[in-house]
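Here the structure comes first, spelled out in structure tokens, and everything after it is commentary.
The values are calculated or read from the model by the stated rules, or taken from the named source; none is laboratory data. Since we're looking at a predicted model, the values are computed, not measured. Glycine gets a Cβ as well: all are built from the backbone with ideal geometry, and neighbour counts include every protein chain shown.
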């Protein structure tokens with residue numbers, strides 16, 4: 001996400017660093033390029049105008065122009081203003097003092113409401129809540145069945161309704177009673193959508209709002225639709241009073257215009273983003289982390305959180321010991337790959353790394369997930385003795401391993417070479433990234449802009 005905008009802004013800052021001295025003239029030239037980059041990223045023109053004015057006011061100050069590091073100060077100003085546009089801080093989901101908390105999920109048809117409802121339920125369950133989901137879309141064929149399928153996939157209870165409950169409000173009220181009876185502290189109401197906004201839809205949503213008194217009304221929008229998503233969010237807010245936005249398909253949006261525009265135009269925070277097709281590809285929106293990613297500084301905090309949530313602490317400490325004692329085997333290599341795959345798509349993880357200094361080439365790395373599957377298959381075809389001591393693997397054994405894993409001898413040779421390189425690299429990093437306490441990472445690089 002934001003790849004296009006990030007590349008353009010980094011070019012602007014590279015040019016600024018190349019200037020012997022920052023002047024009003026080259027600063028204006030830089031601001032012009034930033035303006036063009038934002039507009040090409042499909043950021044709303046009102047947002048661009050406000051943003052450029054704020055950066056100009058702060059960047060043209062005498063303290064910046066006469067500083068020994070003016071380019072870095074300008075980058076910090078741009079980062080601060082990006083955070084201001086995106087929302088200054090992460091906006092948490094509010095809960096009612098008297099459970100169950102009601103959250104209405106609204107949006108146009110095809111925006112991803114139903115899938116987002118399931119993803120949000122799973123996210124909330126992981127964070128200590130006990131949600132119940134219900135679909136009140138009585139118009140679209142199989143809409144309620146779709147939510148049942150999604151809820152089943154994430155292990156969340158769903159209120160199916162009865163044959164007599166043919167109206168949205170009836171379904172919602174019954175679901176709320178069910179939540180109260182079963183001790184569910186939160187209910188997610190997946191509402192009907194339309195291909196476009198109309199009065200009939202709004203009247204129905206307003207009726208649901210009046211009777212359910214939801215604590216949150218979340219508008220779901222497809223990030224790929226850019227300013228259409230912003231326009232729809234603004235219209236829903238004017239007529240319904242949304243309290244937050246969920247942007248889906250953020251992983252496929254290289255421009256990021258919707259994310260950068262939606263809070264400024266609607267006045268409501270971007271609370272969650274969908275970052276992939278998998279049902280756990282859903283996360284809270286952190287403005288400061290996103291601003292860092294846009295500027296090529298990476299999103300190390302999100303990376304650490306993923307590590308802490310998915311990597312087994314005891315296994316990590318055991319791996320640390322093996323690396324120090326040079327006892328890292330092919331079996332350990334395979335287990336490391338399996339652990340790594342729990343974190344999600346590897347290209348997404350690489351995108352969280354700072355795109356600067358020795359790691360600036362990471363953004364160009366393409367990861368073949370099938371290759372990882374092939375590597376695991378090759379190691380699984382080895383005997384326990386071979387996995388424990390790779391020096392045993394001679395030519396005959398390599399041919400047998402290749403045949404057993406459905407690969408070639410060349411594939412086996414490449415794996416053994418990668419394993420040797422991984423041993424060297426991981427041993428050199430063992431005092432940093434693979435430190436004993438997963439919650440206290442010492443990253444093998446520095447962020448010069450913090």
Filter result (touching a residue at least 60 places away in the same chain (Cβ under 8 Å) and within 16 Å of residue 184 (Cβ to Cβ)) within segment 106-125
117, 118, 120, 121, 122, 123, 124
Residue 262 over 27 Å from residue 143 (Cα atoms), in contact with a strand residue (DSSP E or B) (Cβ under 6 Å, 6 or more places away or on another chain) and either in the same structural domain as residue 116 (by TED's automatic domain parsing) or in contact (Cβ under 8 Å) with a residue 24 or more places away in the chain (or both):
yes
Kindly provide the set of residues from segment 239-259 that are crowded, with 24+ Cβ neighbours inside 10 Å and without any contact (Cβ under 8 Å) to a residue 40 or more places away in the chain, ordered by number.
245, 247
If you go through segment 403-444, how many residues are more than 17 Å from residue 327 (Cβ to Cβ) and at pLDDT 75 or above?
17
Condition first: closer than 14 Å to residue 74 by Cα and outside any helix (DSSP H, G or I). Can you find one or more residues in segment 8-21 that meet it?
yes
State all residues of segment 136-188 that are under 20 Å from residue 109 (Cα atoms) and at pLDDT 95 or above; if no residue qualifies, say none.
188
Is there a residue being in a loop (DSSP other than H, G, I, E, B), modelled with pLDDT under 85 and either within 23 Å of residue 11 (Cβ to Cβ) or within 31 Å of the chain's Cα centre (by Cα) (or both) anywhere in segment 90-98?
yes
